[in-house]
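The values are calculated or read from the model by the stated rules, or taken from the named source; none is laboratory data. Predicted model only: the values in this text are computed from it and were never measured. Positions of Cβ are generated from backbone atoms using ideal geometry, with glycine treated the same way; all protein chains shown enter the neighbour counts. Just the protein is used for accessible areas: all its heavy atoms, side chains included, with ligands, DNA and RNA removed. Shrake-Rupley method; radii C 1.70, N 1.55, O 1.52, S 1.80 Å.
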Amino acid sequence: MVLSETAERIKSMEIRGAGRIARAAALALADYAGTLDTSDPDVFRREMRNAADTLTGTRPTAVSLPNAVRYVMRALDSFESVEAGRSAVVRQAAAFVEESEHAIGRIAAIGARHISDGDVLMTHCNSEAALSCILEAHRQGKELEVYATEVRPRGQGLVTIRALNDAGIKTNYIIDSAVRYFINDVDLVFVGADAIAVNGAVVNKIGTAQIAHAAHEARTNVIVAAETYKFAPRTILGELIEIEERDPYEVLPREEAERLPFVRVRNPAFDVTPAEYIDLIVTEQGAIPPGLAFTVIRDYLGWKIEELR
Ligand code: RUB
């Protein structure tokens, strides 16, 4: 069944990256709505809510996931029959996917404006949104060079360098700990986001905060590319974004780890970059300083403080 399969593929990171996770979840809900064998609206709603919970429980950090699920589930705010509910969910999921893909196109166009001919960029992890800006600037004929990190322990940097190589962009592949060594050669850091808090802090792949810190010290600008559904509404209430800590055996093979009983391997997948280390956030609605994160949550995600209580 697509629902459990998608949940499993998100959990195992076969589907990864905040935008892709969000679209996969929306489509899984649409598929699930089509398979539910009931004519009772209450049962339909309950089953859909369970499905939504299953999906949102797969990975805790990327807020795109609950935001996408909420967007699709809004189709069930009021519906007359199961058939009407089903089609509303399918329509809403399709609309989410379309808006999400359109957002990437807009972010690419807006982000590319901030990249100049001859720029040397640095990126971390594999972000569809950040890469779209770099690829668009290259498509416009700007000559670029990129430093891309390896991204221990899961190696998402490999996906990034393949895409850059396919586009014919001169790329340097470096280990994560070489960031400070090279930062003075870099004009601009471009990364994505899994979540953005109301105070403009950006949650992204572990190591992003270190890169932003090194960039700050070197007076190199840091730009974050993120769709508006990466902004985390519940941070308005002071809620913190949960940082996923993954299996230690991703870092150290089990047989080695088991020989070291006094060693605890820690494997947080994300970290938090404070707003003061971020110069600009490029969204599909325009580029904003991190201090304007609240307006995105209010104006584009449509969240009201009263709704959150
Ligand atoms: C991926 C990651 C990406 C963001 C943004 O982490 O940190 O930078 O998700 O990606 P993981 P996008 O590999 O653990 O999912 O711009 O594609 O949404």
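Spatially close Lys pairs in the chain, defined by Cα atoms under 22 Å apart and a spacing of eight or more places or different chains, total 5. Residue separation of residue 116 and residue 5 scaled by 0.36 nm, minus their Cα-Cα distance, works out to 35.7 nm of gained length.
Length gained on full extension, residue 181 to residue 165, computed as 0.36 nm times the residue gap minus the Cα-Cα distance: 3.5 nm.
Dipole check for the chain: with +1 at the C-beta of Lys and Arg, -1 at the C-beta of Asp and Glu, and the Cα centre as origin, the magnitude is about 220 Debye.
Whenever you get a sec, compute what percent of the accessible area on the chain sits on carbon and sulfur atoms (1.4 Å probe). Its accessible area is 49 percent carbon and sulfur atoms. Entry note, the chain: the mean residue ellipticity at 222 nm calculated from DSSP H runs of n ≥ 4, each adding -39500 (n - 2.57), is -13500 deg cm²/dmol after division by the residues and rounding to the nearest 500. With both labels modelled 7 Å from their Cα along Cα-to-Cβ, the residue 143 to residue 84 distance reads 6.3 nm. Counting only alpha carbon atoms, the long axis of helix 208-217 and the longest principal axis of the chain meet at about 40°. Take residue 252: with every protein chain present and a 1.4 Å probe, its accessible area is about 40 Å². Placing 36, 65 in order of accessible area, with the largest value first and a 1.4 Å probe, yields 36, 65. Which FRET efficiency value, to the nearest 0.05, is calculated for residue 174 and residue 101 with the Förster distance at 35 angstrom and r the Cβ-Cβ distance? The formula returns an efficiency of 0.70 here.
Sparsely packed loop sites in region 182-291 (the trypsin sites (Lys or Arg not before Pro) outside DSSP H, G, I, E and B with at most 10 other Cβ atoms within 10 Å) comprise 219, 259, 264, 266.
Note that region 232-309 presents 61 Å² accessible area per residue, ligands and nucleic acids not counted, probe 1.4 Å. Residues in region 2-77 average 42 Å² of solvent-accessible surface per residue, probe 1.4 Å, ligands and nucleic acids excluded. Report the residue, chosen from 257, 51, 195, that carries the largest GNM mean-square fluctuation when the chain is represented by alpha-carbon nodes joined by springs under 10 Å. Comparing 257, 51, 195 in a Gaussian network model of the chain, the most mobile one is 257.
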